[in-house]
Each structure stands twice: as C-alpha cells, then as structure tokens.
Amino acid sequence: MLVNMDSPRSKSASKNSTGSQEHSTSKTKKTTEVNSHREGATSAPLSAFEEAFRKFAIHGDTRATGKEMHGKNWSKLCKDCQIIDGKTVTTTDVDIIFSKVKAKSCRTITFQQFSDALEELALQRFKDHEKEEAVSMMHKLVEGKSPVIAGVTKAVSSPTVSRLTDVSKFTGSHKERFDPSGKGRGKAGREDLVDRSGYVAGYKHAGTYNQKVHGSSK
C-alpha cells in the first residue's frame, strides 16, 4: 500500500516527529548546561572562611565530609578563634546559639547555619559596631584558622615519684645496678661477674704495672 506524502496526515506525522527531536535536543542541552554549572561550582576554590569551617568540621572525625559541623567542633572553633572572650560571649552563649540555628532533629549545622550563628555572635561580640562591620570583624577572627592541637600533658612531679626515681638513694642490690653518675650498668649490675684479671678483690691499682716499670726505668 502506497502512502501519499503530500496528504495532511503524513505532513502532521512528520511535523510531530521533528518537534519531538527538537524537544529532546533542547532537553539534552539544558541537562548538559546544568551539569557543567555544577561541576564548575564544585571545582571552585573555597574561601578562607569556608576552608576554616571545613577544617573544624572534620576535626577529630575521620568519617566527616566537612559539610556539617557538630556542636563539639563548633565550641572548639569559637574557643580557638577567640570568639569566646568570657565577657560579651561565653561558652553558654555559644551553646545556646548552636541550638537555635540547627534543625530540631539534627545534631549538626550546615555552612549556612554556621554563618547565621556567627552573625548573631558578631552582634553580641562587637555590639558597639554596625552590623556589617561586626560581621566582617567576626569573619576575620575565623578566616584561615585551623583547630589548635593540645600539647603533650606534662607529668606532675611529686616527692614520692622523685624518691622512687632518684638512683642516688637506692640501696642494696638496686644500688649496684647504677654507676655513680646514675647510668645503668647493664648486665654487670644484674649478675655477679667473675673477675678474671688476676687481681684480688678491692685492688685499686690494676693495670698500672707497665706504667710503673717503664716510668722507673726512665
């Protein structure tokens, strides 16, 4: 059966087919543009303020992604960045604002919520300044900062510990394990080694015979 391509039905079918192809091409183009935009946003370098948030967000948690921050790390950031001054901003203030900005069912805050929290603290910390200036000053406290790693805990000295570790006060067999300078004598301090030098015990001039002979011959 031959189809007349000049008939109205054939022209309509051809038009619909062409429209579908154009719609599909347009949709594909839009998807490509969106993906390209997302990739560009992902690869964009973080600001010093965002980088500080990420560093504190992943601190102490190997599974953290850096996109959300726990309350413990939020408190550490406020302490390490000297946002808490003990007067205008206290630890209690920091905890209250964290609970205020986070979602009810969440235990973390996002970067946007983090920014909102710092904005509220800025108005409290720098209350004598305008809002924009106060927020800018708050950002400067945070920008480029990293979590402060606490140093090694120093041992607390006590008379009891000093007495037990002072080798000059050791007696008996324990005293024999160290020389007068306090250095350990090793095996000689743990075992009774036989003296095979030929000298009697306690003789103090061992090894001086040749010196005496040669000295007298001169």
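The values are calculated or read from the model by the stated rules, or taken from the named source; none is laboratory data. No experiment lies behind these values; they were computed from the predicted model shown. No Cβ is skipped: glycine too gets one built from the backbone with ideal geometry, and neighbour counts run over all protein chains shown. These accessible areas exclude ligands, DNA and RNA; they are computed on the full protein's heavy atoms, side chains included. Shrake-Rupley method; radii C 1.70, N 1.55, O 1.52, S 1.80 Å.
Run down 109, 83, 97 and say which single residue is open to solvent by less than 30 Å² (accessible area, probe 1.4 Å), within 17 Å of residue 143 (Cα to Cα) and either touching an Asp or Glu at 6+ places or on another chain (Cβ under 6 Å) or not polar (S, T, N, Q) (or both). That would be 83, the only listed residue that is open to solvent by less than 30 Å² (accessible area, probe 1.4 Å), within 17 Å of residue 143 (Cα to Cα) and either touching an Asp or Glu at 6+ places or on another chain (Cβ under 6 Å) or not polar (S, T, N, Q) (or both). As a summary of the residue check, residue 65 satisfies the conditions (1) outside any helix (DSSP H, G or I); (2) open to solvent by 60 Å² or more (accessible area, probe 1.4 Å); (3) at pLDDT 95 or above except for the one numbered (3).
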